[in-house]
Structure formats: C-alpha cells, structure tokens
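Here is the structure we will look at.
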Amino acid sequence: MCQMYHINGKRKKDSAKLICEALVSLSKNKDFDDITISEISNVSTISRNTIYRLFDTKEDILNYILNEHM
C-alpha cells in the first residue's frame, strides 16, 4: 500500500505535528481502529478538512509518525 501524505512547508509540518501528537495521545487509551478522524481533530485543534488535506487516511498519519522517527 502506498503512503499518501502531503506535508511540505513549515505550516503544514506544524499542523502534522499536532495531528500526530493527538493520535499518539488518543492511542494511549484507545485501540487504533477505534480512533476517529473527528477525535484526532478535536484533540489536535486541527480541522477535519485540514487533516484530510495533509493525510489521505488515518493509517497515513501513523506511517508519517513512523517515517519521521526512523
């Protein structure tokens, strides 16, 4: 499966960081499959539209986190 995220420029990287932090935070209390984009949006304070502009799927957020830490 091809990863699809669209992160270029400081502003998008800053938003991506907040989104990633929200996903990690939510995953401490919830299974990954049970986390929704709406919850990520609420915790990160980034709109759903922006999340979908940066990432095609929730799995892409996870892939981005892994790639940034490798």
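The values are calculated or read from the model by the stated rules, or taken from the named source; none is laboratory data. Because the structure is predicted, anything quoted here is derived from the model rather than measured. Please note: Cβ atoms are built from the backbone with ideal geometry, for glycine as well, and neighbour counts cover all protein chains shown. When the accessible area is computed, the model is the full protein with side chains, heavy atoms only, and any ligands, DNA or RNA have been set aside. Shrake-Rupley method; radii C 1.70, N 1.55, O 1.52, S 1.80 Å.
Among the residues here, Ser38 qualifies as assigned to a helix (DSSP H, G or I), surrounded by fewer than 12 Cβ atoms within 10 Å (Cβ to Cβ) and among the hydroxyl-bearing types (Ser, Thr, Tyr). If you filter the range 51-70 down to residues that are within 13 Å of Ser15 (Cβ to Cβ) and buried (at least 17 other Cβ atoms within 10 Å of the Cβ), you find that the one that is nearest to the chain's Cα centre (by Cα) is Ile61. Taken over the range 41-56, the criterion of being aliphatic (A, V, I, L, M) and under 11 Å from Ala16 (Cα atoms) is satisfied by Ile46, Ile51, Leu54. The residue that is least open to solvent (accessible area, probe 1.4 Å), among those in the range 24-35 that are assigned to a helix (DSSP H, G or I) and closer than 17 Å to Ile65 by Cα, is Leu26.
Mind listing just one residue for me: the one in the range 41-50 that is surrounded by 14 or more Cβ atoms within 10 Å (Cβ to Cβ) and polar (S, T, N, Q) and, of those, farthest from Lys28 (Cα to Cα)? The extreme case among them is Thr50. Report whether or not Lys12 is over 13 Å from Ile65 (Cα atoms) and at pLDDT below 95. Considered against the rule, which asks whether it is over 13 Å from Ile65 (Cα atoms) and at pLDDT below 95, Lys12 comes out as yes.
Across the range 1-23, which residue is most open to solvent (accessible area, probe 1.4 Å) among those that are of a type in the set (D, E, K, R) and free of Cβ contacts under 8 Å to residues at least 40 places away in the same chain? Ranking the qualifying residues of the range 1-23, first place goes to Arg11. Among the residues of the range 36-50, those that are without any contact (Cβ under 8 Å) to a residue 24 or more places away in the chain, within 13 Å of Ser15 (Cβ to Cβ) and of a type in the set (Gly, Ala, Ser) comprise Ser41, Ser47.
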